[in-house]
1. Along the Cα→Cβ direction, 7 angstrom out, place labels at Cys93 and Ala36. What is the inter-label distance in nm?
2. What distance in nm separates the two pseudo spin-label positions at His300 and Asn322, each 7 Å out from Cα along the beta-carbon direction?
3. What does the extension gain come out to for Arg147 and Val124, with contour length at 0.36 nm per residue minus their alpha carbon separation?
4. Which percent of the accessible area of segment 23-88 is formed by carbon and sulfur heavy atoms (probe 1.4 angstrom)?
5. Can you give me the P(r) profile for segment 119-244? Cα pairs, bins 10 angstrom wide beginning at 0, each as a whole percent.
6. Quick check: from the Cα gyration tensor, does segment 272-361 come out rounded (a/c under 1.5), prolate or oblate?
7. Quick query: amide H of Arg175 versus all other amide H atoms, modeled in the peptide plane; which residues come in under 5 Å with a sequence gap of 5 or more or a different chain?
8. Once the dipole of segment 35-88 is set up with Lys and Arg at +1 and Asp and Glu at -1 on Cβ about the Cα centre, which of Val35, Ala55, Ala67 lies farthest towards its positive end?
Amino acid sequence: MMDGGHWPHGSCDGAGGSLVRLRRRASEFFDSLPVAELASEAHRRLWISDWLRVAEDYRTLAEFARADRSGRIAHEAWMCAQTAIQVARSLSCQEDIADADLADKLATGLKSFEDDAGLAIDRVEIDCFGQEVLAGFFVQGGRRGPRAPVVICISDEHITGSSMMGRLPPALLRRNMSLLLIDACNSTHRRSFKPEHVLQCCLDYLEARPDIDQQRIAIYGEGAAAPHASRLALTDGRIAAAVCDGGLLTQFMRRAPFRWMTGLEQSDQDGNSTGSMLPSRRLSCPLLVVVGSRSMVREHEALELRTFYRQAGADCSIVVPNCIPHPLGEVENFIAVDDFIFEWLDSKLGAGRQLDLVTYL
């Protein structure tokens with residue numbers, strides 16, 4: 001077992017740097033996870049219980065702060081509670097009964113988080129050609145000046161909009177950036193248009209908002225939504241930066257029959273480059289490819305893409321998260337990954353420092 005001092009117990013003051021401290025503790029927790037114990041159901045359940053206890057502490061603080069009309073403290077305490085639940089959920093497996101309970105806790109906490117955020121969080125419904133509606137959230141960041149850059153974040157069926165809402169706003173703290181989170185798989189009608197055409201409606205919506213800098217709009221797609229982000233960045237010049245798959249998965253799907261017939265899929269599994277996965281077109285805006293489950297792109301594919309862009313004199317960055325494997329799957333330090341992604345977006349949309357083109361977390 002880990003030393004008890006590692007756990008984020010103690011005073012939950014909910015103000016000032018408390019969210020920053022909690023995120024730092026959570027990141028340190030992931031970095032020091034013992035792989036041997038991670039495979040043990042008993043250890044995982046103990047860790048999940050501990051982080052849920054932390055979430056409950058912050059939830060209680062948020063309720064007290066709300067009763068005292070301390071909206072700022074309640075708002076930050078809810079973000080702390082959501083972060084702790086996300087840590088617990090990242091430790092659970094689909095086979096765990098607790099996983100469904102954690103999803104319910106996230107949804108319940110999100111509703112209270114919205115209530116205390118006031119105008120900082122707004123539920124939106126974006127009309128798409130009069131035929132369907134995209135539901136989502138607009139999250140106001142720490143705006144400096146009349147207009148702020150914004151990031152369109154797209155979820156998929158495995159990474160839900162509620163999960164992203166519980167995870168991303170805490171990483172946005174004090175950044176000059178807003179978010180538009182779209183639950184792309186839950187439109188109200190059956191889709192009649194390509195995903196990138198539907199997502200163009202999000203750009204139209206943002207252009208109509210007076211608090212958005214139209215020259216600094218980015219797109220971020222997770223999981224199966226990463227190719228949608230790539231295609232939107234390819235087809236719409238209003239995108240200033242993209243966190244996506246760089247077009248790799250689209251190429252893979254198009255060439256899958258050929259690769260199956262020629263046996264090239266075996267060389268990919270062995271980690272050897274075939275040169276056939278490179279996209280036929282490149283994005284004109286800066287792009288970041290996150291290796292692993294967030295884009296389903298493997299490291300050798302991302303590095304090959306990076307070489308392709310470098311030879312063309314284009315802007316392509318790669319980040320390789322440190323995922324901890326165990327018999328039931330793998331655990332990612334989502335705190336470190338989210339912080340890096342927003343730092344990269346800051347460097348492209350704001351005045352953030354320039355980062356390495358290939359980063360290992």
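The values are calculated or read from the model by the stated rules, or taken from the named source; none is laboratory data. Since we're looking at a predicted model, the values are computed, not measured. Note that each Cβ is placed from the backbone with ideal geometry, even for glycine, and that neighbours are counted across all protein chains shown. Calculation scope for accessible area: heavy atoms of the full protein, side chains included, ligands and nucleic acids excluded. Shrake-Rupley method; radii C 1.70, N 1.55, O 1.52, S 1.80 Å.
1. 1.9
2. 2.4
3. 6.4 nm
4. Ligands and nucleic acids excluded, carbon and sulfur give 52 percent.
5. 14, 49, 34, 3
6. Taking the square roots of the gyration eigenvalues as a ≥ b ≥ c, segment 272-361 is oblate.
7. For Arg175, the qualifying residues are Gly142.
8. Farthest along the dipole direction, towards plus: Ala67.
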